[in-house]
Structure formats: structure tokens, C-alpha cells
């Protein structure tokens with residue numbers, strides 16, 4: 001049987017992004033959008049327990065957290081190999097784990113397909129920037145690239161609040177303080193409140209999970225800080241609706257006004273398969289302008305997509321336009337584009353018209 005470290009080495013060499021340790025199934029890993037078996041040997045409960053216990057030893061963490069709560073999140077650093085974002089949990093009476101492999105160092109944004117327009121958000125001095133998308137679509141990597149640009153070019157105090165910490169930053173032009181929820185602080189809300197007394201210029205909130213976190217983040221952005229965070233939404237319209245809807249009805253108009261003032265940019269992204277089987281990020285970028293601010297204040301968020309479509313000169317691009325460009329450049333198939341489109345019927349019509357020309 002493979003040790004925990006051998007599992008990490010072998011799956012990383014195969015280009016895995018995630019590793020699955022679940023009793024009743026062979027060790028498996030995800031590459032792209034597909035799950036493959038590492039070998040044919042079925043994992044028994046004793047073996048899955050052994051691997052999970054080894055993970056806890058690497059993290060120098062007490063297994064009792066898992067015993068009490070039934071699941072646990074933490075990060076592991078394996079020297080000269082990788083960092084791992086680990087979620088351990090109980091299933092059918094046995095211990096299981098899913099591990100996300102995060103390479104050491106901040107990736108080269110150009111090599112992984114993040115546009116300059118996104119990384120240039122590092123020039124923003126205040127306000128709220130959101131990077132959104134479903135889980136596993138590269139939001140953390142995009143934020144890491146933006147933060148690294150700030151770290152390299154500005155003399156700021158950057159505070160990151162994460163659960164768990166994924167990317168490690170060296171102090172370059174900036175000072176970077178990284179705090180892990182559950183290890184360095186109790187929760188996002190208390191950490192965010194405390195961070196405002198730590199002379200921050202930039203605050204990364206790993207995830208805006210509830211209305212209290214969102215409320216404090218917007219207040220921090222309002223008082224002159226640059227706040228970066230994520231939401232599990234696809235598209236700027238869905239993101240704005242999610243933020244407003246999380247508040248009680250009697251507060252929603254006030255939130256619309258506040259959000260219209262502090263929001264700077266919403267970047268939505270998806271990782272999609274190319275014709276050669278690799279994954280490529282596709283982006284929707286919405287910058288705030290007077291038209292978008294008015295639409296948020298007046299509860300006409302549904303009109304924002306048309307503004308995005310007409311504001312290419314301001315650096316905006318819709319998700320479906322990004323998919324259209326990838327199809328016309330031959331990087332993805334029409335079927336893939338329609339699968340990931342926000343409005344597949346309209347995109348299909350546009351592609352059909354292009355073929356007739």
C-alpha cells in the first residue's frame with residue numbers, strides 16, 4: 001500500500017488537481033474534468049484511516065477535530081513538492097479525504113490564461129473587487145495573481161483571511177500578513193473586524209459566506225480599503241442579486257445604495273475544456289460605471305448584461321462573448337461553448353450567423 005507522501009507524489013506527476021481517498025473505491029484523482037483511478041486496489045476503511053492520520057501528522061493537527069465535528073478543513077505543506085488544501089470527513093462510518101493540490105509559488109498569470117485586464121485590478125486603491133465562479137474554477141489562483149502584482153508594485157499592508165491558506169506570499173514591496181480561519185482566528189467575521197485595526201491597505205476575504213461578513217466587507221471598502229473576495233456565483237448579475245438577497249428585505253434598498261458606491265469590479269470565471277483536452281479559463285469582466293451604479297440603485301440589475309456587452313472600450317466583456325471568441329479562434333468546440341454559456345440560445349444564434357458569413 002502506498003504511503004500518504006507516495007500518493008501525493010504519484011498523483012502530482014500525473015497532473016492531478018484533486019485526490020480522493022474514500023473507502024470502497026481505489027485511490028482516485030481528478031485531471032481536468034475527469035476522475036481516474038490511481039491503481040486497482042480498493043481502499044479499505046483501515047487504509048483510508050491510515051492515510052487520513054498521516055495527513056494530520058503532516059499538518060501537526062489534532063485528529064480530535066474530525067472526531068467531534070465529522071469534517072475538517074486545513075492545509076499541508078510538503079517541502080519541495082506541493083501545498084495541499086485538505087478536507088477530511090466521515091462517510092459510512094469510515095474516514096475519507098479530498099485533497100486539492102496547489103503548487104508552490106504564485107503561477108505566471110499569462111501562462112495560465114488570465115488576461116491583463118484582470119491582473120491590472122491591482123492598481124485599484126479602494127473599493128470591493130469580487131472574483132466569482134463555481135467551486136474549483138480557479139478563483140483563488142486569480143486572486144493570488146492580483147495580490148502578487150500588488151505585492152510586487154505597491155508599498156502596502158496586505159492582510160489575507162483564508163480557510164485554509166492556499167498560496168504563500170513572500171514580503172516584497174508590501175508586507176503580507178496571512179491568517180487562517182480556525183488556526184489564527186476563530187472566523188471570518190471576527191478576523192475582518194480585527195483587521196481594520198491592523199493598518200491594512202488591502203484585505204483578502206477568502207469567501208463572503210454570510211450577510212455579516214458581506215456587511216463588514218462593504219463598510220471596510222467604504223472607509224477607503226481595497227477588499228478582494230469571492231462568491232460562488234457565475235455572472236455579474238447573479239453576483240449582485242446574491243449579495244442583495246442575503247440581507248433582510250427591510251435592508252435591501254440601503255444595501256443597493258451602498259453596493260453601488262463601493263463595488264469596483266466583478267470578475268466571473270469558469271474553467272472549460274479545450275479541443276486538445278486541457279483546461280482554459282474564460283472570463284466575464286464588469287467594471288462599475290455610472291450606468292451600472294444607477295441600475296443597482298434602482299433595482300434594474302437585469303439590464304447590466306446589456307451594458308457589459310456595449311462597454312468593450314472600458315475593458316468589459318461578457319461570458320458569452322468570451323466563449324464566442326474561443327470558438328472562433330478554434331480553442332473550444334461549439335458544444336463546449338453552449339454548455340458553459342449563460343444564454344446558450346443567443347450564443348448559438350450568434351455562432352450560426354458567423355458561420356453563414
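Each reported figure results from applying straightforward, stated rules to the coordinates on display, with no laboratory input. Not measured: the values here are computed from a predicted model. Cβ placement follows ideal geometry from the backbone for every residue including glycine, while neighbour counts extend to all protein chains displayed.
Structure notes:
- Over segment 206-357, all Cα pairs binned in 5 Å intervals from 0 give whole-percent P(r) values of 1, 9, 17, 19, 18, 13, 10, 7, 4, 1, 0, listed from short to long.
- The GNM of the chain, with springs linking C-alpha atoms under 10 angstrom apart, assigns the highest mean-square fluctuation among 67, 229, 177 to 67.
- Arranged from fewest to most other beta-carbon atoms within 10 Å of their beta carbon, 99, 351 become 351, 99.
- Residue ranges 103-115, 157-169 sort as 157-169, 103-115 when ordered by packing (mean number of other C-beta atoms within 10 Å per residue, highest first).
- Calculated [θ] (222 nm, deg cm²/dmol) that DSSP helices of n ≥ 4 give over the chain, each run adding -39,500 (n - 2.57): -11000 deg cm²/dmol
- For the chain, a Gaussian network of Cα nodes joined below 10 Å ranks 68, 176, 189 by mean-square fluctuation, and the top entry is 68.
- Alpha-carbon centroid distance for the pair segment 219-270 / segment 27-54, whole angstrom: 39
- More than 24 Å apart - percent of Cα-Cα pairs taken over segment 4-102: 14
- Principal-axis tilt of helix 45-59 within the chain, Cα atoms, nearest 10 degrees: 70
- Helix 236-245 and the longest principal axis of the Cα set of the chain meet at an angle near 80°.
- Tail fraction, Cα-Cα pairs, the chain, threshold 27 Å, whole percent: 52
- Degrees separating the helix 344-356 axis from the principal Cα axis of the chain, which is the longest one: 70
- Taking 0.36 nm per residue of separation and subtracting the current Cα-Cα distance, fully stretching the chain between residue 261 and residue 44 would add 72.6 nm.
- GNM result for the chain, Cα springs below 10 Å: residue of 18, 40, 201 fluctuating most strongly: 40
- Per residue, the convex hull spanned by the Cα atoms of segment 26-66 measures out at 97 cubic angstrom.
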